[in-house]
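The values are calculated or read from the model by the stated rules, or taken from the named source; none is laboratory data. Quick caveat: nothing in here was measured; it's all calculated off a predicted structure. Glycine gets a Cβ as well: all are built from the backbone with ideal geometry, and neighbour counts include every protein chain shown.
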Amino acid sequence: MILFWQGLVKLAKFVSLQDAVLDVMTDGLCVALEGFTHLIPHASAHEIIRKGFKNLTLVRMTPDIIYDQMIGMGCASKLIFSYAGNPGVGLLRRLRDAVENQWPVPLEIEEHSHAAMANAYEAGAASMPCALFKGYLGAELRQVNPNIKMIFCPFTGEELAVVPSIRPDVSFIHAQKADRKGNVLIEGIIGVQKEAVLSAAKSVVTVEEIIEDFETHPNAVILPHWTIDYIAEVPGAAHPSYAQGYYARDNAAYKEWDTISANRELYLKWMAEHVMQQTPDVFAERVRFTNPQSK
Amino acid sequence: MILFWQGLVKLAKFVSLQDAVLDVMTDGLCVALEGFTHLIPHASAHEIIRKGFKNLTLVRMTPDIIYDQMIGMGCASKLIFSYAGNPGVGLLRRLRDAVENQWPVPLEIEEHSHAAMANAYEAGAASMPCALFKGYLGAELRQVNPNIKMIFCPFTGEELAVVPSIRPDVSFIHAQKADRKGNVLIEGIIGVQKEAVLSAAKSVVTVEEIIEDFETHPNAVILPHWTIDYIAEVPGAAHPSYAQGYYARDNAAYKEWDTISANRELYLKWMAEHVMQQTPDVFAERVRFTNPQSK
Amino acid sequence: MIAVMNNYSERNEFTSYEMMTIAASRMLKSDDVCFVGIGAPSAACNVARLSHAPDITLIYESGTIGTAPDILPLSIGDGELCDTALTTVSVPEMFRYWLQGGHVTIGFLGAAQIDKFGNINTTIIGDYHNPKIRLPGGGGAPEIASQAGQIFVTMKQSLRSMVPKIDFFTSYGHGNGYNDRQKLGIKTTGPTALITDLAIWKSHPETKEFIVTNLHPGVSKEDVQKNCGWEVTFGELVTTTPLPSAIELDVLRELHRRTNASHRRL
Amino acid sequence: MIAVMNNYSERNEFTSYEMMTIAASRMLKSDDVCFVGIGAPSAACNVARLSHAPDITLIYESGTIGTAPDILPLSIGDGELCDTALTTVSVPEMFRYWLQGGHVTIGFLGAAQIDKFGNINTTIIGDYHNPKIRLPGGGGAPEIASQAGQIFVTMKQSLRSMVPKIDFFTSYGHGNGYNDRQKLGIKTTGPTALITDLAIWKSHPETKEFIVTNLHPGVSKEDVQKNCGWEVTFGELVTTTPLPSAIELDVLRELHRRTNASHRRL
């Protein structure tokens, strides 16, 4: 018989976030939890922490609170990133502790610019092995990151940067809506979420709600159901990040993280209380009293 | 004094289509009139024909009726393309006459696949000198088009195709709406129109109407006013192509073109009557009685 | 018209075009993601969607994903496709994320010329630089042929279209057969089925040559050979293609009726 | 607080932060397309938009184009930015079409460390592989620095931040001055202005060194030198930065009032 190559067609299944995480995760995988300020998949990160996965390679343009939390709990052995800060607040203190003091475990880093990471996700979504762009001119990251190479345009001779594409084993994103077939709608600041899903071998999407039909624009950002493995309805899953049309960013929580994460004991106590002893259901509570974000 | 490099910032001016064409066009330019079935800038093509520009290099993924008309009137000395047909109807007879019989003037062709042209427009919009993609495997165009080269990924060794980016001197597109500031909204099948404008040194946009404010989706396809040189309000300018939300495709006219273009005399007579003796104002008449296309 | 008797159908007459389109439609399943060529492939894909494969995802290269047109588009970018689509993306995104990204299970193509290994020419008749007939060119086909999971082709048979040697390799099928395709670094399966107005052909698993597995009702082996430029190989057990059902014919004819009404000048 | 008398302003007190932000805002014009860094650059850009440059286009790397926030975003991707934007695109598109595409006239950056040629470090203090302090990294800055038409930098002066030699070249300014930048193949102008809490600095057209052209009201040359790690060059004609106007101060303070109210826990 002829074996048919069937393409990367999936069948989106509606499950609990706990079941989705157990099914797609094992120790040592390369994992992306994406969200560019907006729609950050906090509930998924917490579920991964609770299940105790280790030796992960974490990929993200902007590792902020969730990667600080995962790194502090010892989930990660490597981080691929382009801006590791608590946006508008300061440094990531658990990340610093891992890089500077190897606490709780050593953390290898592979550092890029945003332009490089954005191009690498785009290339991953397009099944390319590498991404070509104009970049890194004069930038010292070229000297410390062997995954940044330069090649010459075969037509003009211009020097161009090339980096490996990003193709995670699993990507997690959060989105506003899924329909009953499992198609997913993302609106507002869309970041690299579409690319994170399309570049990954497996994908898990949490959504604010599951509805009958999208009523939207012909060019809306929609991931068809056959690009997604699992969908879990987890209202509030982005908190303290936000979901356009549902709830606003809890900027106070971002500022508070700076204090919580400054001290190992305080951090561990906070994680025990707010993550380890909880379930995904708590997120709905956390956004119940925030201002709704205007659509 | 320091000379500041100001970036490609333009100041969209509202003018007549006649004035826009006279300002941006000269003989010998590389010109793209884009539109992937939808929003094809027929009125702009007719204005270029009426003004008698010659020796143009015409670029388009899908040269259909308008390029058949321009080639038949002797405007072009070169065509860069990936599919030269009257979609769903047949061949382009004026193009064939130029390629097979050099009538009315010889026409050099540079032929690509759609994937290559789409990548080349994307690369042009990103100011890249070339576009890298997986393509042309086993395809004989590689043997006849010296602008298709292969390079190897510096990380995996995989063979990849590379083509020059497309960066026209002038691009013409048609869109649904402009606002009073000169921002332009495109909805529906958006093709490579955004890329055509962003990759070009100069751009002219015809629109169905100029309105106060867009009421649309946060991720709508909008070209800011500082990416456009001229905007001309020409209702119906896409006819017999269509404008989603305004009027439907005049499929009968596409079928009729097969007969008109089959014969040099008939073609010249038709062009004299329907193009040379007309102005952009006739397009509003041509769509007055078509079915409105649902939004 | 081929007149046949048929227990399952209330219609006892159908054209060879209708048989071809319906036979092609039966190749598709509800969980397929199909990149649709215009013309006969488009009709086949939409008959499948409107009959046995209601959940099939149809993609047209104009950027429309998950489209469900009520009439057959004349071009690959008619408004009907966008109106009924799940979403519409730019053409660069279509070719990069969706086709090259590996999300298409079936590429459904037509052809001006084809050979017995599924190599397709839609570029030129004669020499490329001195052509007898300048055809439209490849469009999306070269990369559909190498990047879609597998390829189905549907076309009318004739000595002009089914040739021993195509004039130009627009889209690569299986080269000279066997593992030629893999040797070029292509990872997808390539052409697996050819559905003509006379027969259904499948690629031989080893040689990759198209082999007739089904003759359409009323068609003989001689008919197939007379309308094919290479020496036809027939499978060991050639069966007759099941007749079009009443539902299939109704769906196809109603589709064409709406299409013709819509394309008429008002 | 620096107390000053001012004919034009009803406010006679303002902080050095306010002076810095207002001086920075004055560098921008209505026809600029400005790629905005978070923090002090974001405040300066929005003061410009709300006072003398109402038509300025502000772009944040989160994908928001032509945004007009009523409060200052804490991050570069707050909902306020999208709500008020002309449109919002994906992050790959932002970096490919809009920044690399050459549509940005001004990149407005902050810095952890800067040298006198406008080279910026936001990556690391100490050795890269054995850091004393791990800073957030470059983010968008390396390509903003090479692809925006010109670069403005705004930051507080200190011996720690304005150094003779930065620990890491995160974003390239003018290297060691003169034509170093062009020699690397960079086609844009690079850093042209540095606005601190004490002074306005401009790049020398030939040497590319930052030179003090304006001292803020009440600031002396000694103040500037005391808070700068390299030997400061002053222009031949150093003038005093015009005082903040009542409108400028009102706009800035009202912006911060709304921002603080919004960021408070409910």
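Residues that are of a type in the set (Lys, Arg) and in the same structural domain as A:Arg142 (by TED's automatic domain parsing), at least 3 per element: which strands (runs of 3 or more DSSP E) completely within segment A:42-114 meet that?
Strands (runs of 3 or more DSSP E) meeting the threshold: none at all.
Which residue is surrounded by the fewest Cβ atoms within 10 Å (Cβ to Cβ), if the candidates are limited to segment B:140-159 and must be farther than 27 Å from A:Ala120 by Cβ and over 25 Å from the mean Cα position of the chain (by Cα)?
It comes out as B:Gln143.
Since B:Met128 meets every condition but one in (1) closer than 29 Å to B:Val21 by Cβ; (2) within 14 Å of chain C (Cβ to nearest Cβ); (3) not in a loop (DSSP other than H, G, I, E, B), which condition does it not meet?
(3)
Name the single residue, out of those in segment C:132-167 being of a type outside the set (Val, Ile, Thr) and free of Cβ contacts under 8 Å to residues at least 12 places away in the same chain, that is farthest from the other protein chains (Cβ to nearest Cβ).
C:Lys132
Select the strands (runs of 3 or more DSSP E) contained entirely in segment A:158-264, then report the ones holding at least 1 residues which are touching a residue at least 40 places away in the same chain (Cβ under 8 Å) and touching a Lys or Arg at 6+ places or on another chain (Cβ under 6 Å).
Counting at least 1 such residues, we get A:170-179, A:230-233.
Output the residue which, of all residues in segment D:209-218 that are within 23 Å of D:Ile120 (Cβ to Cβ) and in contact (Cβ under 8 Å) with a residue 40 or more places away in the chain, is surrounded by the most Cβ atoms within 10 Å (Cβ to Cβ).
So the residue we want is D:Phe210.
So B:Pro104 fits all but one of (1) over 20 Å from the mean Cα position of the chain (by Cα); (2) within 9 Å of chain C (Cβ to nearest Cβ); (3) not aliphatic (A, V, I, L, M); what number is the exception?
Here B:Pro104 meets the rest and fails (2).
Please find, among A:Gln278, A:Gln293, the residue that is among the polar types (S, T, N, Q) and at pLDDT 95 or above.
A:Gln278
Which of the strands (runs of 3 or more DSSP E) contained wholly in segment C:141-232 include at least 2 residues that are closer than 20 Å to C:Gly107 by Cα and in contact with a helix residue (DSSP H, G or I) (Cβ under 7 Å, 6 or more places away or on another chain)?
Correct list: C:150-155, C:190-196, C:199-203.
Can you give me the number of residues within segment B:269-280 that are free of Cβ contacts under 8 Å to residues at least 40 places away in the same chain and either assigned to a loop (DSSP other than H, G, I, E, B) or not charged (D, E, K, R) (or both)?
The qualifying residues number 4.
The rows are residues; the columns are (1) within 13 Å of another protein chain (Cβ to nearest Cβ); (2) closer than 23 Å to A:Leu92 by Cα; (3) touching a helix residue (DSSP H, G or I) at 6+ places or on another chain (Cβ under 6 Å); (4) buried (at least 24 other Cβ atoms within 10 Å of the Cβ).
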| position | (1), (2), (3), (4) |
| --- | --- |
| A:Gly188 | yes, no, yes, yes |
| A:Val192 | yes, yes, yes, yes |
| A:Ile210 | no, no, no, no |
| A:Pro224 | yes, no, no, no |
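Could you please give the count of residues in segment B:105-139 that are in contact with an Asp or Glu (Cβ under 9 Å, 6 or more places away or on another chain), surrounded by fewer than 24 Cβ atoms within 10 Å (Cβ to Cβ) and closer than 29 Å to C:Pro191 by Cβ?
Qualifying residue count for the region: 2.
Checking the conditions here, which among C:Glu236, C:Glu248 is farther than 28 Å from C:Asn176 by Cβ and either away from chain B (no Cβ under 14 Å) or assigned to a helix (DSSP H, G or I) (or both)?
C:Glu248
I'd like to verify a number: residues in segment B:138-157 that are in a loop (DSSP other than H, G, I, E, B), in contact (Cβ under 8 Å) with a residue 12 or more places away in the chain and at the interface with another protein chain (Cβ under 8 Å from one of its Cβ atoms), how many?
Result for segment B:138-157: 2.
Can you list the helices (runs of 4 or more DSSP H) lying wholly within segment C:9-114 that have 1 or more residues being within 13 Å of chain B (Cβ to nearest Cβ)?
C:40-50, C:79-83
Within the group A:Val184, A:Val162, which residue is buried (at least 21 other Cβ atoms within 10 Å of the Cβ), aliphatic (A, V, I, L, M) and facing another protein chain (nearest Cβ under 7 Å)?
After ruling out the rest, the residue left standing is A:Val162.
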